[in-house]
Amino acid sequence: HTALALARCGAKVTAVTRTQADLDTLVQECPSITPVCVDLADWEATEVALQNIGPVSLLVNNAAYASLQPFLEVTPDQFDQSFSVNVRAVLHVSQVVARGMKARGSGGSIVNVSSQASQRALRDHSVYCATKGALDMLTRVMALELGPYQIRVNSVNPTVVMTEMGRLGWSDPDKAQTMTSRIPLGHFAEVEDVVNAILFLLSDGSRMIHGVTLPVDGGFLAC
């Protein structure tokens, strides 16, 4: 959705994901999008895949992995996979892109897709919450170090979003009610709610917004 929205705004978009079928569908819908298929958890493969993507002025780090386990049942492989995708891949892709921004002296904007889970404990989400807390702090340090090169870095922190992953984790009505009852607006976010926030943070309309974590949560974190 973000890639399509950027393309509609006139951006030249490169979409990166590990699922070729998703890229095929995306390019069918918008042929101007350049697809790159790579597992972002694989550092070396990502380095190779991104070396020829050309100058990038706007970056959205949206890849995420969620595996819900009770704290006492967390396994090393789930921990490693979660941090590899949700934190390490963001750092790596941002390094590649920001180096180019710095070399060109052109500045740019980076938006990391975080979560309200970075700031509130959620049952069975111990690893996911930890990755998003790390991502928020990574966002702030990136902002500190990249700001002098006029590279803005922010994050959006949605509540549960009705994506495929969101439905997977929150399809049970009783479980969903435990969360929506804590959201003053009373419902989860739709994809467009998050896309609109991302577009704003990428745009010149937010040119003095830097190093923030922007909740898109219906008031969840205000309570």
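If I build a Gaussian network model for the chain, linking alpha-carbon pairs within less than 10 angstrom, which residue out of Val141, Val16, Val87 has the largest mean-square fluctuation?
In this elastic network of the chain, the residue with the biggest mean-square fluctuation among Val141, Val16, Val87 is Val141.
Which net charge results when you count Lys and Arg as +1 and Asp and Glu as -1 among the other residues whose beta-carbon is under 14 Å from that of Gly133?
Value of the local net charge: +2.
If you count, for each residue, the other Cβ atoms within 10 Å and average over each peptide, how do 151-160, 119-128 line up from highest to lowest?
151-160, 119-128
Lys and Arg at +1, Asp and Glu at -1: add these up for the other residues within a Cβ distance under 12 Å of Leu214 and post the number.
Result for the neighbourhood of Leu214: -3.
With helices defined as uninterrupted DSSP H runs, which ones in the chain have an alpha carbon span along their own long axis of at least 15 Å and mean Kyte-Doolittle hydropathy of at least -1.0?
Helices meeting the span and hydropathy rule in the chain are 89-104, 126-146, 191-202.
Helix-only estimate, please: 222 nm mean residue ellipticity of the chain, summing -39500 (n - 2.57) across DSSP H runs of length 4 or more and dividing by its residues, to the nearest 500.
-13000 deg cm²/dmol
If you place +1 on the Cβ of every Lys and Arg and -1 on the Cβ of every Asp and Glu, how big does the dipole about the Cα centre of segment 38-222 come out, in debye to the nearest 20?
The calculated dipole for segment 38-222 is roughly 680 debye.
GNM on the chain, C-alpha springs below 10 Å: top fluctuator among Ala98, Ala117, Ala21?
Top of the fluctuation ranking is Ala21.
Take the Cβ-Cβ distance between Val48 and Cys223 as r, set R0 to 35 Å, and report the resulting FRET efficiency rounded to the nearest 0.05.
Efficiency, rounded to the nearest 0.05: 0.15.
Can you give me the C-alpha center-to-center distance between segment 120-157 and segment 1-24, rounded to a whole angstrom?
When both Cα centres are located, 23 Å separates them.
How much net charge surrounds Tyr65 when only other residues with a Cβ under 14 Å from its Cβ are counted (Lys, Arg +1; Asp, Glu -1)?
-2
Which distance in nm do the two modelled labels at Asp172 and Arg207 give, with both placed 7 Å along the Cα-to-Cβ direction?
5.0 nm
No lab work stands behind these numbers, since they all come straight from the coordinates. Quick caveat, the model's predicted, so the values are computed rather than measured. As a convention, Cβ positions derive from the backbone with ideal geometry for all residues, glycine included, and neighbour counts pool all protein chains shown.
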